[in-house]
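The values are calculated or read from the model by the stated rules, or taken from the named source; none is laboratory data. Since this is a predicted model, take the numbers as computed values, not measurements. A quick note on method: Cβ atoms are made from the backbone with ideal geometry, for glycine too, and the neighbour counts reach across all protein chains shown.
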Amino acid sequence: MFTAGNYVVAKSLEEAYQLNQKKTAGILGGMLWMRTGKRRYSTLIDLSALGLDGIKETENELVIGAMVPLRELETNETLRTYYGDAFLEAVRHIVGTQFRHMATVGGSLFGRYGFSDVATIFLALDCTVELYHAGEVPIETFLAQKPDRDVLVAVHLKKTPCKVCYQSQRITETDFPVLTCAVSRQESGWVFAIGARPSIAKRIENTLPYAPTAEEIAAFVAHADETLSFDSNMRGSEEYRRHLTRVFVRRAIGQLMEETR
Amino acid sequence: MTITVTLNGKRITDDVAPDLLLYDWLRQKGCLSVKCGCETTNCGLCTVHVDGKPTLSCAMLAVRADKKTVTTLEGLQEEAIEFGGFMADEGAEQCGFCNPGFIMNVLAMKEEPDVYTWTDRQIKEYLEGNLCRCTGYAGHLRAIRRYLAARQEGMK
C-alpha cells in the first residue's frame, strides 16, 4: 500500500494540473492498481469533484469523462445503442462488480497497462483522448506515449457508424487476459486492436478491403501475425499469443461480416 | 483531515490520515464484519455499500468517503439474517469467512433492475468478485435462487 502526506480534492483542472507537476504527486483514479504499490506520494489529487464521471452525448460524439467507472461502460444504454455489447464484453471479466464500480476509464487508460481490456476496445474505435495540457490526441498516439504529468480529462468517441467485436482469452474467468482483440468495421474500413501481447494494445496495420474474399482474409491473418510483436509471460507463450491472434482475427471478421450482411 | 460520514445511519465526524483506508477506519469504528482477505482487491471480503453501491473498502481511502453514506453488514442486520437463513438452509455458509462480503454484494445485487429475471450466469457474473475459500458455489447459487423467489413471492 502507498503512503501519502496530503490529499486534495481539486476544484479545477488547472489546480489538478499544477499540483500534478510535482513528481511526487499522484492523481487518484479508482486507486485499485495504485493501491498495490508502495510509493510515497507528497500529494494525492482527487478529480471526483470535477464532473468527469458522466457520459455525455453531443451531435457528433460521446464524451466519456475520466472518472467514469468501468461498471458504467458495462451498463450504459447509449454505449449499447452505438456499440452493441462490445463494451460489456470488454469489461465484464475484470475482477468483479465492486471492482468495476471503482475502477475508472481515466485510470485504466493513463497507466498504459499491457493487460488493459479498456485500452484495447477504445483503440479499435474512432476516438481521441482529451488531455488538459496537450489537448485532444488520437488514442493510438496517446497509448504509445509514456505517462507524463498531464491530466486525462475525457475520451471522445466519434459517432462513426460501426460494428464492433470484442474477444479475450483468460486462464481463469477474472484473471488478467492472455490476449485481447477488438475489431470494428466501419464504412471506411476495418480497425484491428490486439492487447495483452503482453504489452500495451496496438493496432494491426489494415490491409483488408471492406468486403474481403476468403483469400484476402487468409492473407490478412498471416499479415497480422507477421507485423505485430508478441512476448511470453507466466500466462502464455509468444507462440500461443500468435495462435490466439490468428483465431480471434478470423472469428471477428466472420462475425462482423455476418452482422452487416 | 476531517471527514463526515453517515455510517450505518449515524453521522460521524472524524479526523483521519490522508492514506487511511476506509476498511481500517470502519474497523476502528467497530464494524468488525469488514475484513481484508487478499490485499489485492480480488476477494470481495471487504465489500461495503458506499452511497448504495458495492465497494471494496480495502481500495478506497477514508477521505474519499467524506459526505457519503457507508453501510456495512452491521447496518443491514435484518436483511443479512434473512439471506443468511437461506445460505444456512443450503449449507452455503461453510466456514463463514467470506460471508460478510458475499452477503453485502448479494444485498446490492437484489437492487439491480430486472434481477428477478436473471439467469444463473448473470448472477454468477455479478458475484465473481467474491471468492469463497471453501469453494463449492452451488450452494450459494441455490440460496440466492430461493431468496429471490421468496422476495418475489412476498411482493405479490
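Residues that are of a type in the set (S, T, N, Q) and either part of a loop (DSSP other than H, G, I, E, B) or touching a His at 6+ places or on another chain (Cβ under 6 Å) (or both) within region B:37-54 comprise B:Thr40, B:Thr41, B:Asn42, listed in sequence order. Scanning region A:159-179 for residues that are touching a residue at least 60 places away in the same chain (Cβ under 8 Å) and within 14 Å of another protein chain (Cβ to nearest Cβ) returns A:Arg170, A:Glu173, A:Thr174, A:Asp175, A:Phe176. Would you please name the residue that is modelled with the lowest pLDDT, looking only at residues in region B:21-41 that are buried (at least 18 other Cβ atoms within 10 Å of the Cβ) and among the polar types (S, T, N, Q)? Here the residue is B:Thr41. Could you check, for region A:203-215, whether at least one of its residues is in a helix (DSSP H, G or I), in contact (Cβ under 8 Å) with a residue 12 or more places away in the chain and of a type in the set (Gly, Ala, Ser)? Within region A:203-215, none of the residues are in a helix (DSSP H, G or I), in contact (Cβ under 8 Å) with a residue 12 or more places away in the chain and of a type in the set (Gly, Ala, Ser).
Which residues, counting only those in region B:5-27, are part of a helix (DSSP H, G or I) and over 16 Å from B:His49 (Cβ atoms)? Matches in region B:5-27: B:Asp24, B:Arg27. Restricted to region A:91-114, and to residues there that are touching a strand residue (DSSP E or B) at 6+ places or on another chain (Cβ under 6 Å) and more than 14 Å from chain B (Cβ to nearest Cβ), the residue that is surrounded by the fewest Cβ atoms within 10 Å (Cβ to Cβ) is A:Phe110.
Among the residues examined, A:Tyr82 qualifies as more than 9 Å from chain B (Cβ to nearest Cβ), hydroxyl-bearing (Ser, Thr, Tyr), more than 23 Å from A:Ala196 (Cβ to Cβ) and surrounded by 14 or more Cβ atoms within 10 Å (Cβ to Cβ).
Does any residue of region B:63-77 turn out to be exposed (fewer than 15 other Cβ atoms within 10 Å of the Cβ) and under 20 Å from A:Glu173 (Cα atoms)? No - not one qualifying residue is present in region B:63-77.
Among the listed residues A:His156, A:His133, which satisfies the condition of being over 24 Å from A:Tyr210 (Cα atoms), surrounded by fewer than 16 Cβ atoms within 10 Å (Cβ to Cβ) and in contact (Cβ under 8 Å) with a residue 12 or more places away in the chain? Let's see the steps before the verdict.
Details: A:His156 fails: surrounded by fewer than 16 Cβ atoms within 10 Å (Cβ to Cβ).
Testing whether each residue is over 24 Å from A:Tyr210 (Cα atoms), surrounded by fewer than 16 Cβ atoms within 10 Å (Cβ to Cβ) and in contact (Cβ under 8 Å) with a residue 12 or more places away in the chain leaves just A:His133.
Within region A:29-56, the set of residues being in a strand (DSSP E or B) and free of Cβ contacts under 8 Å to residues at least 40 places away in the same chain comprises A:Arg40, A:Tyr41, A:Ser42, A:Thr43, A:Ile45, A:Asp46, A:Ile55, A:Lys56. Within region A:226-261, the set of residues being surrounded by fewer than 16 Cβ atoms within 10 Å (Cβ to Cβ), in a helix (DSSP H, G or I) and basic (Lys, Arg) comprises A:Arg246, A:Arg250, A:Arg251. Of all residues in region B:74-107, exactly one satisfies the criterion of being of a type in the set (S, T, N, Q) and either free of Cβ contacts under 8 Å to residues at least 12 places away in the same chain or not assigned by TED's automatic domain parsing to the domain that holds B:Thr135 (or both), namely B:Gln77.
Please go through region A:201-214 and pick out each residue that is out of contact with any Asp or Glu (no Cβ under 8 Å at 6 or more places or on another chain), modelled with pLDDT under 95 and not polar (S, T, N, Q). Passing the criteria: A:Ile204, A:Glu205, A:Ala211, A:Pro212, A:Ala214. Of the residues making up region A:1-59, those that are of a type in the set (D, E, K, R), away from chain B (no Cβ under 13 Å) and under 21 Å from A:Leu70 (Cα atoms) are A:Lys56, A:Glu57. Note on region B:55-146: enclosed helices (runs of 4 or more DSSP H) holding 2 or more residues that are within 14 Å of chain A (Cβ to nearest Cβ) are B:99-109, B:120-126.
Of the strands (runs of 3 or more DSSP E) that lie entirely inside region A:103-172, those containing 2 or more residues that are within 20 Å of A:Glu187 (Cβ to Cβ) span A:127-131, A:152-158, A:162-170. Just one residue in the set A:Thr207, A:Thr245, A:Thr227, A:Thr160 is closer than 30 Å to A:Gly54 by Cβ and among the hydroxyl-bearing types (Ser, Thr, Tyr); that residue is A:Thr160. Residues in region B:108-127 that are without any contact (Cβ under 8 Å) to a residue 40 or more places away in the chain, exposed (fewer than 15 other Cβ atoms within 10 Å of the Cβ), out of contact with any Phe, Trp or Tyr (no Cβ under 8 Å at 6 or more places or on another chain) and under 17 Å from B:Lys53 (Cα atoms): B:Pro113, B:Asp114.
When the criteria are applied in full, B:Gly44 meets the requirement of being facing chain A (nearest Cβ under 9 Å) and closer than 21 Å to B:Gly136 by Cα. Applying the condition of being more than 24 Å from A:Leu73 (Cβ to Cβ) and among the β-branched types (Val, Ile, Thr) to region A:10-58 and asking which residue is surrounded by the most Cβ atoms within 10 Å (Cβ to Cβ) yields A:Thr43.
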